[in-house]
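One structure is given here, and the rest of the page talks about it.
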Amino acid sequence: MTIVRIPLLALALLFSVQGFAATAAQTAQQEKMKTCNADATTKALKGDERKAYMSTCLKAGGGDSKAMTAQQAKMKSCNADATTKALKGDERKAFMSTCLKK
């Protein structure tokens, strides 16, 4: 009886964690949409101009107030360097770790 319960408990835990991750991602997307929509309204955009703005805003990760943080810029730069050097696997991990500590 215990053998059956452990896998079922593990399976239930897995589904609850996946559900939480999906909910968090959905909430982040909803917040992004809300911010972009508010910015478009503030700018009084209509029609195709609004559609284009919303598309760009949602791809960029948010409205005008969402600038890339210093850590994000550093991550982007280190990632580009690792790609340029064609690093893979453990070499890439080691490079990224060292680069991000600078």
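The values are calculated or read from the model by the stated rules, or taken from the named source; none is laboratory data. As the structure is a computational prediction, the values presented were derived from the model and not from experiment. Accessible surface areas use protein heavy atoms only, side chains included; no ligands, DNA or RNA. Shrake-Rupley method; radii C 1.70, N 1.55, O 1.52, S 1.80 Å.
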Q) Accessible surface of Ser97 in the full protein assembly, 1.4 angstrom probe, to the nearest 10 Å²? A) 50 Å²
Q: Calculate, in nm to one decimal, what Ser97 and Thr41 gain on full extension: separation in residues at 0.36 nm each, minus their alpha carbon distance.
A: 16.0 nm
